[in-house]
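**Student:** Have a look at this one.
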Amino acid sequence: MFTGIVEELGEVVGKDDLGDSARFTIRGPVVTADAGHGDSIAVNGVCLTVVDVLPEGQFTADAMGETLKRSSLGRLAAGSPVNLERAAALNSRLGGHIVQGHVDGTGQIHARTPAEHWEVVRIGLPADLARYVVEKGSITVDGISLTVSGLGDDWFEVSLIPTTRQLTTLGHAAPGTQVNLEVDVIAKYVERLLAAK
């Protein structure tokens, strides 16, 4: 489990395509400081398992075909910046919201509207995820816990504070960029429970 509070802007150092999967080598000195084999690290909101911790703050992780198909990880290449977060510790504050690292789908940035001290980003919302998104509710975009500030039938908006703009990939992503989306898991459980009645 994660909180959607990005700890570090890392970088893809290498990517090995393995046919039905891929192995990534990622630089992230903060998240690897106490990492070991088998630990979970969210990469752009996708929970990946550490295979090896390497020198110079790097680690390797595998992504299976399902992950590559459902997320934007397949588009990453050497040099790509990535949002990184270690799994939440039970003795720490929950700064964002409950994030599983299980991407539900992808959206595309439609527009960016800057203000003096923040920026509104409009993102396309896939039809199968729209029912889980509510204004002022939580959503995870590329691993970042954000509040939905505007909502339409096929889009939603989030407002980025200066820190988010400076320290995450979303702060610099251009219109047309594909982003990973994870809706609030509580909404999915409520829907499932109500459907069973």
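The values are calculated or read from the model by the stated rules, or taken from the named source; none is laboratory data. No experiment lies behind these values; they were computed from the predicted model shown. Neighbour counts are summed over all protein chains in view; Cβ atoms, including those assigned to glycine, are modelled from backbone coordinates with ideal geometry.
**Student:** Given the residues Ser159, Ser145, which is the only one that is at pLDDT 90 or above and more than 18 Å from Ser72 (Cα to Cα)? Lay out the reasoning, then the answer.
**Tutor:** Numbers: Ser145 fails: more than 18 Å from Ser72 (Cα to Cα).
So the residue among Ser159, Ser145 that is at pLDDT 90 or above and more than 18 Å from Ser72 (Cα to Cα) is Ser159.
**Student:** Name the residues in segment 92-116 that are among the hydrophobic types (A, V, I, L, M, F, W, C) and within 17 Å of Tyr189 (Cβ to Cβ), would you? Working first, answer last.
**Tutor:** The first filter runs over segment 92-116 and keeps only residues among the hydrophobic types (A, V, I, L, M, F, W, C), leaving 94, 98-99, 103, 109, 111, 115.
Scanning segment 92-116 gives Ile98, Val99.
**Student:** In segment 155-176, is there at least one residue being part of a loop (DSSP other than H, G, I, E, B), surrounded by 16 or more Cβ atoms within 10 Å (Cβ to Cβ) and on the phi < 0 side of the Ramachandran plot? Write out each step before concluding.
**Tutor:** We begin by selecting, within segment 155-176, every residue part of a loop (DSSP other than H, G, I, E, B); these are 161, 168, 172-176.
Now narrow it down to the ones that are surrounded by 16 or more Cβ atoms within 10 Å (Cβ to Cβ): 168, 173.
Filter once more, keeping what is on the phi < 0 side of the Ramachandran plot: 168, 173.
Yes, because at least one residue in segment 155-176 is part of a loop (DSSP other than H, G, I, E, B), surrounded by 16 or more Cβ atoms within 10 Å (Cβ to Cβ) and on the phi < 0 side of the Ramachandran plot.
**Student:** Could I ask something else about it? Restricting to segment 19-33, and then to whatever is in contact (Cβ under 8 Å) with a residue 24 or more places away in the chain and in a loop (DSSP other than H, G, I, E, B), can you tell me which residue is nearest to Gly74 (Cα to Cα)?
**Tutor:** Filtering segment 19-33 down to residues in contact (Cβ under 8 Å) with a residue 24 or more places away in the chain leaves 20-33.
From the residues that got through so far, the ones that are in a loop (DSSP other than H, G, I, E, B) too are 20, 28, 33.
Details: Asp20: 11, Gly28: 19, Ala33: 26 Å.
Only one residue fits best here, namely Asp20.
**Student:** Let me ask something else about it. So which residues in segment 177-190 are surrounded by 12 or more Cβ atoms within 10 Å (Cβ to Cβ) and modelled with pLDDT under 95? Show your work before the answer.
**Tutor:** First, the residues of segment 177-190 that are surrounded by 12 or more Cβ atoms within 10 Å (Cβ to Cβ): 177-188, 190.
Matches in segment 177-190: Asp184, Val185, Ile186, Ala187, Lys188, Val190.
**Student:** Also, quick follow-up: From the list His102, His117, His97, which one is part of a loop (DSSP other than H, G, I, E, B) and more than 19 Å from Val179 (Cα to Cα)? Steps first, answer last, please.
**Tutor:** On the way: His102 fails: more than 19 Å from Val179 (Cα to Cα); His97 fails: more than 19 Å from Val179 (Cα to Cα).
Answer to the check: His117.
Matching residues to (1) of a type in the set (Val, Ile, Thr); (2) closer than 21 Å to Leu48 by Cβ; (3) assigned by TED's automatic domain parsing to the domain that holds Val43; (4) in contact (Cβ under 8 Å) with a residue 12 or more places away in the chain:
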| residue | (1), (2), (3), (4) |
| --- | --- |
| His110 | no, no, no, yes |
| Glu116 | no, no, no, no |
| Pro126 | no, no, no, yes |
| Ile144 | yes, yes, no, yes |
| Pro162 | no, no, no, yes |
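**Student:** Taking the condition modelled with pLDDT of 95 or more, of a type in the set (S, T, N, Q) and farther than 21 Å from Thr177 by Cβ, does Thr25 pass? Walk me through how you get there before you give the answer.
**Tutor:** Working: modelled with pLDDT of 95 or more: yes; of a type in the set (S, T, N, Q): yes; farther than 21 Å from Thr177 by Cβ: yes.
Yes: the conditions hold for Thr25.
**Student:** Identify the residue in segment 12-34 that is of a type in the set (A, V, I, L, M) and exposed (fewer than 15 other Cβ atoms within 10 Å of the Cβ) and, among all such residues, is nearest to Val141 (Cα to Cα). Let's see the steps before the verdict.
**Tutor:** Within segment 12-34, the first condition is being of a type in the set (A, V, I, L, M), and the residues that meet it are 12-13, 18, 22, 26, 30-31, 33.
Keeping just the survivors that are exposed (fewer than 15 other Cβ atoms within 10 Å of the Cβ) gives 18, 33.
Values: Leu18: 27, Ala33: 25 Å.
Step by step, filter segment 12-34, then rank; the result is Ala33.
**Student:** Can you tell me which residue in segment 80-126 is surrounded by the fewest Cβ atoms within 10 Å (Cβ to Cβ), limited to those that are touching a strand residue (DSSP E or B) at 6+ places or on another chain (Cβ under 7 Å) and farther than 30 Å from Val13 by Cα?
**Tutor:** Thr113
**Student:** Moving to a separate point now. Return the pairs, sorted by first residue and then second, in which the second residue is acidic (Asp, Glu) and in a loop (DSSP other than H, G, I, E, B), the first residue lies in segment 84-95 and is farther than 20 Å from Pro29 by Cβ, the beta carbons are less than 6 Å apart, and the residues are 6+ apart or on different chains.
**Tutor:** Pairs found: none.
**Student:** What are the residues in segment 47-83 that are closer than 12 Å to Ser21 by Cβ, of a type in the set (Asp, Glu) and in contact (Cβ under 8 Å) with a residue 24 or more places away in the chain, if any?
**Tutor:** Asp62
**Student:** Then there's this: Restricting attention to strands (runs of 3 or more DSSP E) lying wholly within segment 35-79, give those where 2 or more residues are surrounded by fewer than 16 Cβ atoms within 10 Å (Cβ to Cβ) and of a type in the set (A, V, I, L, M).
**Tutor:** Numbers: elements: 40-43, 46-54, 58-64.
Correct list: 46-54.
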